[in-house]
Amino acid sequence: MRFIFGPPADAASGLLTLPWGTELEDWQDERLIEIRQRGISRHVVRFVADAGEFYALKSISERLARREYRLLRALADRNIPAVEVVGIVADRGRDADAILVTRFLSYSTTYRALFSTARVGRPAERLLDALVELLVRLHLSGFFWGDCSLSNALFRYDAGTLEAYLVDAETGEHHPSLTTGQREWDIELAAERIWGELLDLQAGGSLPPDVDPEETAEDLRRRYARLWNELNSAELLRPDEQRYRIAERLRRLNQLGFDADEVVLTATPEGTRMEVRTRVAESGHHSRQLFRETGIDADEQQARRLLNDIASFRGYLEQKRGRPVSPTVAAHRWLEEVYDPAVTAIPESLRGRLPPPEIFHEILEHRWYLSEEAGRDVGTTAAAESYFATVLPAVPRAVKPGAV
């Protein structure tokens, strides 16, 4: 039997004592857990809890396991949202498949769970936006998925939006770059699969009546084309507008989560032609800034929202004191007086429904709505109490590290 674990290999050393010599579907082990919010897989998949971490184990041929292991590591190197691969267990016995081990994506949910949760507004639109952004990121990095579907992705809340994570990469291919034909074929496959998945939901009575499967599949194509064109289309610039138009284009790219790899300006009889070669931005700028200032580990949009609240709190302190307040002092005071009390007040029975930064973001949203109704600022404490009583109980219990 061979264990091929990526770095840090010791992080998953507790998995070595699992019954690898037995077929995965026949395993009996106290570390096995059931996860309700899981996708549909054509392979045998089991879940294991070890040392406060959750792992997904997929039975698959060694050739495909090695291929998927390599592709998932390459995606991680390129900052593409995907599940984290841990390793492969091969040579498990005659005719036994290998097992691919990935780390379970904490606080994630599936498209089926999103459609069945009343708190999520316009789930079809949110899912399409998240999946289209993931596809564009993949295609910019030269990755052909070949099996894009709602089932092969997990979704995680990030300050009210959704971020899609690739789960299944066994049909993927990496190239230096993709041709237009390869991209269009990947989109065609995705639209076909999504149409079928939504028809399945419709047949089971789980699809909202205002969501048309065929129209939604077509909408995927339109949304992809809009985003791709925004990132890659050429523009004609007049001499008097070059500087600000270039800055505006780069700002839009950054807001969408992408960077400019190269800006090409070509003189033509009609004016200067600007082409921007786009690449996936280094992820986590706001997350790293928030962690440096407060020690809070948050996703990117959550971090941006919390940093905005810190800036607002700093303005409040300066107005109250009548003198400037340093960013460091403001962040420390905000953590001590605003964030920590709200998170500490989460009822024990509701902990783990969402990550604490997402809960705090939703408290801020709830505060805004309550303040609009009251015609005055109701304050974070009152908003948190109302949120814990009326909103958070409706959120399904999520799988998170350290709890089963």
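The values are calculated or read from the model by the stated rules, or taken from the named source; none is laboratory data. Predicted, not measured: the structure shown is a model, and the values here were computed from it. Methodologically, a virtual Cβ is constructed for each residue, glycine included, from the backbone with ideal geometry; neighbour enumeration extends over all protein chains shown. The area values use the complete protein model at the heavy-atom level, side chains included, leaving out ligands, DNA and RNA. Shrake-Rupley method; radii C 1.70, N 1.55, O 1.52, S 1.80 Å.
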Q | Listed peptides 272-278, 81-87 by packing density, highest first (mean Cβ within 10 Å) | A | 81-87, 272-278
Q) Expressed as a rounded percentage, what relative contact order does region 15-80 have, with Cα pairs under 8 Å and six or more residues apart? A) 22
Q. About its Cα centre, what dipole magnitude does region 20-82 give when the only charges are +1 on Lys and Arg Cβ and -1 on Asp and Glu Cβ, stated in debye to the nearest 20?
A. 520
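Kirkwood Rh, region 265-404, all Cα pairs: how many Å? Write out the running numbers ahead of the final one.
Numbers: mean 1/r = 0.0570 Å⁻¹.
It is 17.5 Å.
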Q) Rounded, prolate or oblate: which fits region 23-156 when a ≥ b ≥ c are the square roots of the eigenvalues of the alpha-carbon gyration tensor, with rounded for a/c under 1.5 and prolate only if a/b beats b/c? A) oblate
Q) Under unit Cβ charges (Lys, Arg +1; Asp, Glu -1), what dipole magnitude, rounded to 20 debye, does the chain have relative to its Cα centre? A) 900
Q. What list of whole percents do you get for P(r) of region 89-217, with Cα-Cα distances grouped in 5 Å bins up to the one holding the largest distance?
A. 2, 10, 18, 20, 18, 14, 10, 6, 2, 1, 0
Q) If you roll a 1.4 Å probe over the chain with all protein chains in place, what percent of the accessible area is carbon or sulfur? A) 49
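Which shape class applies to the chain: rounded if a/c is under 1.5, otherwise prolate when a/b exceeds b/c and oblate if not, where a ≥ b ≥ c are the square roots of the Cα gyration tensor eigenvalues? Provide the component values of the computation, followed by the final result.
Details: a/c = 1.61, a/b = 1.12, b/c = 1.43.
Since a/c reaches 1.5 but b/c is at least a/b, the shape of the chain is classed as oblate.
Quick check: from the Cα gyration tensor, does region 168-238 come out rounded (a/c under 1.5), prolate or oblate? Don't skip to the answer; put the middle values down first.
Details: a/c = 3.77, a/b = 1.58, b/c = 2.39.
It is oblate, given that a/c is not under 1.5 and a/b is not larger than b/c.
Is it possible to state the helix-based mean residue ellipticity at 222 nm for the chain, with each DSSP H run of 4+ residues giving -39500 (n - 2.57), the sum divided by total residues, to the nearest 500 deg cm²/dmol? What is it? Walk me through the numbers on the way to the answer.
Details: 12 runs with 173 residues, N = 404.
Computed ellipticity for the chain at 222 nm equals -14000 deg cm²/dmol.
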Q) What percent do you get for the relative contact order of region 113-206 when only Cα pairs under 8 Å and 6+ apart count? A) 31
Q) What order do you get for 158-171, 337-350 when each peptide is scored by the mean count of other beta carbon atoms within 10 Å, highest first? A) 158-171, 337-350
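With r defined as the distance between the Cβ atoms of Asn79 and Asp212 and R0 fixed at 35 Å, what FRET efficiency is calculated, to the nearest 0.05?
Numbers: r = 34 Å, r/R0 = 0.99.
Plugging the Cβ-Cβ distance into 1/(1 + (r/R0)^6) gives 0.50.
What order do Val263, Val45 take when sorted by accessible area (1.4 Å probe), most exposed first?
Working: Val263 60, Val45 25 Å².
Output order, biggest surface exposure first: Val263, Val45.
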